[in-house]
1. Being without any contact (Cβ under 8 Å) to a residue 24 or more places away in the chain and in a helix (DSSP H, G or I) is the filter here; which residues of the range 317-349 pass it?
2. Which of (1) surrounded by fewer than 22 Cβ atoms within 10 Å (Cβ to Cβ); (2) of a type outside the set (Val, Ile, Thr); (3) modelled with pLDDT under 85 is the odd one out, the single condition residue 131 does not satisfy?
3. Check whether at least one residue in the range 44-66 is open to solvent by less than 10 Å² (accessible area, probe 1.4 Å), in contact with a His (Cβ under 7 Å, 6 or more places away or on another chain) and on the phi < 0 side of the Ramachandran plot, and report yes or no.
4. Given the structure, is residue 210 polar (S, T, N, Q) and in contact with a Leu (Cβ under 6 Å, 6 or more places away or on another chain)?
5. Can you list the helices (runs of 4 or more DSSP H) found entirely within the range 78-146 that contain at least 2 residues being more than 20 Å from residue 334 (Cα to Cα) and within 17 Å of the chain's Cα centre (by Cα)?
6. In the range 102-123, which residue that is touching a helix residue (DSSP H, G or I) at 6+ places or on another chain (Cβ under 7 Å) and more than 26 Å from residue 64 (Cα to Cα) is surrounded by the most Cβ atoms within 10 Å (Cβ to Cβ)?
7. Can you tell me which residue in the range 279-291 is modelled with the lowest pLDDT, limited to those that are assigned to a helix (DSSP H, G or I) and open to solvent by 40 Å² or more (accessible area, probe 1.4 Å)?
8. For the range 147-161, which residues satisfy the criterion of being open to solvent by 20 Å² or more (accessible area, probe 1.4 Å) and either part of a loop (DSSP other than H, G, I, E, B) or hydrophobic (A, V, I, L, M, F, W, C) (or both)?
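The values are calculated or read from the model by the stated rules, or taken from the named source; none is laboratory data. The shown structure was predicted, so the numbers you read here are calculated from the model rather than taken from an experiment. Don't worry about glycine lacking a Cβ; one is built from the backbone with ideal geometry, like all the others, and counts go over all protein chains shown. Side chains included, ligands, DNA and RNA excluded: accessible areas come from the protein's heavy atoms. Shrake-Rupley method; radii C 1.70, N 1.55, O 1.52, S 1.80 Å.
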Amino acid sequence: SVSSYLESVAAAPWLQSLITDGIIGGVGAVLGFVPQLMILFFFISFLEDCGYMARVAFIMDRIFRQFGLSGKSFIPMLVGTGCSVPGIMACRTIENDLDRKMTIILTPFIPCGAKLPVFALFVGTFFPTQSWVGPSMYILGISMVIISGIILKKTKLFGGEPAPFVMELPAYRMPRLKNVLIHMWERARAFIIKAGTIIFLAAGLVWFLQAFNWSLQLVEAEESILAAMGRFIAPIFMPLGFGTWQSSMAVITGFLAKEAVVSTYGVLFGLGEATESDPGLISHISQMFTPVSAYAFMVFTLLASPCFAALGAIRSEMGSWKWTIFAMLWQSGLAYILAMLIYQVGSRV
């Protein structure tokens, strides 16, 4: 193993910890989900290439108009199941400005591939026999799109009728396997590159903060810079049921990349080459959460403001920091309120 090799070459203890606990433990825990995501990307690419997407948008137009959107909003949301960034960028095909802005705000509510590692970890730990928990994240995300659309459409910002639906319907065709595989690989490669850059840096930063104190001395995690920062913001998440410093920092790193939530726990628990099914990771997680608080954490991860890359796409498509900040506040505020209700009510039932 890597640990044995580093010991054999007499690497410094801090370097061993950085490589095994920080980089491998962080990035490796996320890359374990690539096969599942490639299956998801394959079927999305198949639907796009066969001409079915445009027809679904046409069919969904009547439904979407009930809560203030057009059928064209369906395509960005479906693309967003792979990654919110291309989903948000796909909103530029919507001609009506208000419809486009609302779709950009609501698209991140749909679970993207980056959130699946978090759901898989918590579902596998707390709900292994309850098959409804995983799909409930998709149902809840869609429900929040509908409820938010109805609420926002009643405000002055988004008042008015959606634009008429106009779209050319391509002919049905049998997708070419080569094209589908190319599209699947491009999306998977983007995920891998993201895991190898943003998560690599995030895992290294988290390791540094949890290994050193403010005097830059090597210390235990409980006495580290990260622990001090986590304890400072932990009270914010107390009403949601996950007010520990570890979970607080996992939430913060989740704003860098949602995949980083799992890698952050892997680094904080010093598990080295940990994966989502690692017994050590599951053991630590099961001690920090109850089933109710775990579900509240999943809901918060689902609905809270997306990663920095998606926020950059929102800023680019909105063309305004005012709208970008409004989107962040709406998403994170809704996530906080709903997660708090789930924990407060669920813990008393």
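1. Correct list: 321, 322, 324, 325, 328, 329, 333, 337, 341, 345.
2. Answer for residue 131: the failing condition is (3).
3. For the range 44-66, residues open to solvent by less than 10 Å² (accessible area, probe 1.4 Å), in contact with a His (Cβ under 7 Å, 6 or more places away or on another chain) and on the phi < 0 side of the Ramachandran plot: present.
4. Considered against the rule, which asks whether it is polar (S, T, N, Q) and in contact with a Leu (Cβ under 6 Å, 6 or more places away or on another chain), residue 210 comes out as yes.
5. 84-89, 116-126
6. So the residue we want is 122.
7. 279
8. Of everything in the range 147-161, those that are open to solvent by 20 Å² or more (accessible area, probe 1.4 Å) and either part of a loop (DSSP other than H, G, I, E, B) or hydrophobic (A, V, I, L, M, F, W, C) (or both) turn out to be 147, 150, 151, 154, 155, 156, 157, 159, 160, 161.
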